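The values are calculated or read from the model by the stated rules, or taken from the named source; none is laboratory data. The shown structure was predicted, so the numbers you read here are calculated from the model rather than taken from an experiment. Reconstructed Cβ throughout: ideal geometry from the backbone, glycine too, with neighbour counts over all protein chains shown. Side chains included, ligands, DNA and RNA excluded: accessible areas come from the protein's heavy atoms. Shrake-Rupley method; radii C 1.70, N 1.55, O 1.52, S 1.80 Å.
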Amino acid sequence: MRALYLTSVEESSGKSVIALGLMETLTRAVQRVGYFRPVIRAGDLHDQRIELFRSRYRLEQSYDESYGITTDQTRGYGGNHVDPALVGSVIERFQRLAARCDYVVVEGTDYTGASKAFEFALNAEIASNLGAVGLVVLTAADHTAEQVGGAMRAAIEGLGERGVPTVAAFVNRVVPEAQAAVRAAVADSLVPVWLLPEQPSLAMPSIREVADATGAQLLLGSPEDLARPVPDIKVAAMSVPRLLDHLSEGTLLITPGDRSDVLMAAYSSRQSDAIPAVSGVVLTGGLRPDPSVLRFAEGVHDGAMPVLLTELDTFDTAASVASLQAEIGPADDRKITDALSLFEEHVDEAQLEARVEVTRSTTLTPMMFEHQLVERARSDRKHIVLPEGADDRILTAADRLLRRNVVDLTILGRPDDIAERARTMGLDLAEARVVDPEADPLREQFADDLVEIRRSKGLARDAAWDLVADVSYFGTMMVWKGLADGMVSGAAHTTAHTIRPALQIIKTTPGVSIVSSVFFMALEDHVLVYGDCAVNPDPNAEQLADIAVSSAQTAAAFGVEPRVAMLSYSTGSSGEGADVEKVRRATELARQRRPDLAIEGPIQYDAAVDASVARSKLPDSDVAGRATVFVFPDLNTGNNTYKAVQRSANAVAIGPVLQGLRLPVNDLSRGALVEDIINTVVITAVQAQQVAAAGTGA
């Protein structure tokens, strides 16, 4: 086990941003990562950072296992004296967690309780007793470059005096004009120092934090909107006309609950291009608006604005909000995305891995698989088209992908509608290209091209003109013409609507007769590939052989060594019947096409995955008991099996991923979550990289 100790010399240093980036780096490479806080604030509410890391990284540790002591236990201490009993309590609790981990990220104290000298001494003493290496985190906010440099040297020396080696350092909130001076001031630190620029959104409280600070309940709006950052807060004590002159984009209003005029003005701001959009309203005094006003608010189309109700009066509400220190909570997806984007853009993660001596795991957890895919996609950004710009899930996924610089995006839809929806949802889609298929000049060229492509089918020019206005056809034409590297659709359309244009325009890879799909089934410590669980109801033997070969190729392309099990209700020569014969014939054909692949069939699922069963049924097989690619005989079997494994084994099912097309097009479930959309876009980008590397395509 290796302990990595993040510490600073003052409060509000931005340790949580660095901890997020470090956890992201580690969970791409290591199976068992833990998170620990030596000291948390006393109180009834759970520590938000512990909850953030437990939920985001699916850590197998309880809340109580995630911290050492509370600030109540540090009261009365000062100077540099650290009670050994205090440290002993932390060490004892830490060791229980560390016994199950390869690495533990330890986030030091927040400097909100005892003296700064005592807290630094406490951090250094704990780090020393953990045998940890130190990572120093400082902030440049409100400090000169010389002060930052002095604090850096003092922190590194202070840790070194207690035998804690510093392996890296970070300076947060560096404004552009101070970057050169800060870099010069820390140049003699003898460790890599990374400077992270000011990111205003991270210093903004979210509406959820405002609700927690004021004990408010959500009266109107969606819980998802509570994650929206608040750039400005105003107490609405003046008349509405004067108030409108003082609004800025994203203002949160605090007003007594009987000020219905303010509430209605806030909703109106979200419908007008002439008024900055209010992000939310906090109603004070426990006063609920008149029922008629509530009916108005509930009926506002696309209002997307949370309204909170607190029992505090206006003065106490304003005071509580003014003293609020912004944090990153477990539900703050936008802040998490911004923090990771900041870290990934400004920190050399390969050098950081080397400094903290990361030994990459030979296993592959769901988290590792997902994070490695994101890293691959980011390493060579591809351009993906999203046809369903009218779907909020698509827009939210696009916002997060763009913030983390994973892909370039084109979104299809009416630009004004998408811009307005992004504004009301608080999304930043400025880096996306937005195209209206009905009005874009490309429609003329696409119609001519489609006539040529479908000439043998007798497609008329007028019909082609109408077809390419359809978002799925327009998006597919963009991929075919090289204006995008791949397409992801299906959140609001059927699978057939997504695949049909691809089959007509992009067509299948030479030598492949059928488009099929796979799911990546990410289990606790490995990833399996299931095909075909989404497209073909009852493939014949030739098609099943194609599915097997395509699935093996997909597995290999994504780092899964293909050992293919052709599944049936019979193993080897033990059974007879038309269904078994189909699988037996498909196995023979697949072996003929790819004699280099390890393929076994017919084989039952238990013999494919269980070594003891395999020894009994197929003792000489290279696949039995160790299969990684599972080819199901029909859609009914495959679809039911993947869902059963997903639910009963708590597996992460990523897909469906389409295979067999010359260029990547992927289909979403109409019930897809934002995370599903992000995963599918990332996979599509990786497929596009593979197409480019192979020099294949349309």
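Can you work out the FRET efficiency for the pair A180 and S89, with r the C-beta to C-beta distance and R0 = 35 Å, to the nearest 0.05?
0.20
Would you please give the residues with an amide H less than 5 Å from that of V235, counting only those at least 5 places away or on a separate chain, with H modeled from the backbone geometry?
I254
Suppose R0 equals 56 Å; then what is the FRET efficiency for A439 and A42 from their Cβ-Cβ distance, rounded to the nearest 0.05?
The formula returns an efficiency of 0.40 here.
Between R454 and E576, what's the calculated FRET efficiency when r is the beta-carbon distance and R0 is 35 Å? Round to 0.05.
That pair, R454 with E576, gives E of 0.20.
Given the Cα-Cα distance of D245 and R360 and 0.36 nm per residue of separation, how much length would full extension add, in nm?
Once the chain is fully extended between D245 and R360, it gains 35.7 nm.
If I model a spin label as a point 7 Å beyond the Cα along the Cα-Cβ vector, how far apart are those points for S268 and D142 in nm?
3.9 nm
Let me spell out the model: positive unit charges on the Cβ of Lys and Arg, negative unit charges on the Cβ of Asp and Glu, origin at the Cα centre of the chain. What dipole size does that give, in debye rounded to 20?
Dipole size: approximately 1400 debye.
Give me the number: length gained by fully extending N650 to D316, i.e. 0.36 nm times residue separation minus the C-alpha to C-alpha distance, one decimal in nm.
Gain on stretching N650 to D316: 115.7 nm.
Return the tail of the calculated pair distribution for the range 433-472, meaning the percent of Cα-Cα pairs more than 16 Å apart.
Result: 29 percent of Cα pairs exceed 16 Å.
For the range 441-502, what is the accessible area per residue in Å², given a 1.4 Å probe and the full set of protein chains?
About 42 Å² of surface per residue is accessible.
What distance in nm separates the simple spin-label points at S222 and D622, each placed 7 Å from Cα in the Cβ direction?
Placing both labels 7 Å along Cα→Cβ, they lie 5.1 nm apart.
Below 8 Å, C-alpha to C-alpha, sequence gap of six or more: please give me the relative contact order for the range 185-339 in percent.
Once normalised by length, the contact order is 31 percent.
Give me a comma-separated list of calculated 3J(HN,Hα) values for the range 322-335, in order, Karplus coefficients 6.51, -1.76, 1.60 applied at θ = phi - 60°, integers in Hz, x for any Gly or Pro.
Those phi angles translate into 5, 8, 6, 9, 5, 10, 9, x, x, 9, 8, 4, 5, 5 Hz.
Please report the relative contact order for the chain, taking Cα pairs under 8 Å with a sequence separation of at least 6, and give it as a percent rounded to a whole number.
11 percent
Any chance you could get the radius of gyration and Dmax over the Cα atoms of the range 531-615, in Å?
Computed over the Cα atoms of the range 531-615, radius of gyration and Dmax are 12.4, 36 Å.
Counting only helical runs of four or more DSSP H residues, what would the 222 nm mean residue ellipticity of the chain come to if each run contributes -39,500 (n - 2.57) and the total is spread over all its residues?
Rounded to the nearest 500, it is -13000 deg cm²/dmol.
Between L312 and residues 5 or more places away or on another chain, which pairs have amide H atoms under 5 Å apart, with H built 1.01 Å from N, and which residues are they?
Those qualifying (amide H under 5 Å, at least 5 residues apart or on another chain) are G285, G286.
Starting with the highest mean, order 432-440, 644-652, 19-27 by the number of other Cβ atoms within 10 Å, averaged over the residues of each peptide.
Ranking the peptides 432-440, 644-652, 19-27 by packing returns 19-27, 432-440, 644-652.
Given a 1.4 Å probe, how much area per residue of the range 96-226 is accessible, in Å²?
39 Å²
Using a probe of 1.4 angstrom, how much of the accessible area of the chain is carbon and sulfur, in percent?
Carbon plus sulfur share of accessible area: 49 percent.
From the alpha carbon gyration tensor of the range 367-455, can you work out the equivalent ellipsoid semi-axes (sqrt of 5 times each eigenvalue) and give them in Å, largest to smallest?
27, 20, 10
Between Rg and the Kirkwood Rh of the chain, both from Cα atoms, what is the Rg to Rh ratio?
1.01
Rolling a 1.4 angstrom probe over the protein heavy atoms, how many square angstrom per residue are accessible across the range 505-631?
Heavy-atom SASA per residue in the range 505-631 reads 40 Å².
Express in nm, to one decimal, how much length is gained between S55 and D610 on full extension, taking 0.36 nm for each residue of separation and deducting their alpha carbon distance.
196.7 nm
Quote the relative contact order of the range 422-567 in percent (integer), defining contacts as alpha-carbon pairs under 8 Å separated by 6+ residues.
In percent, rounded to a whole number, it is 13.
Between the range 363-431 and the range 1-20, what is the C-alpha centre distance in whole Å?
If you average the Cα positions of each part, the centres end up 29 Å apart.
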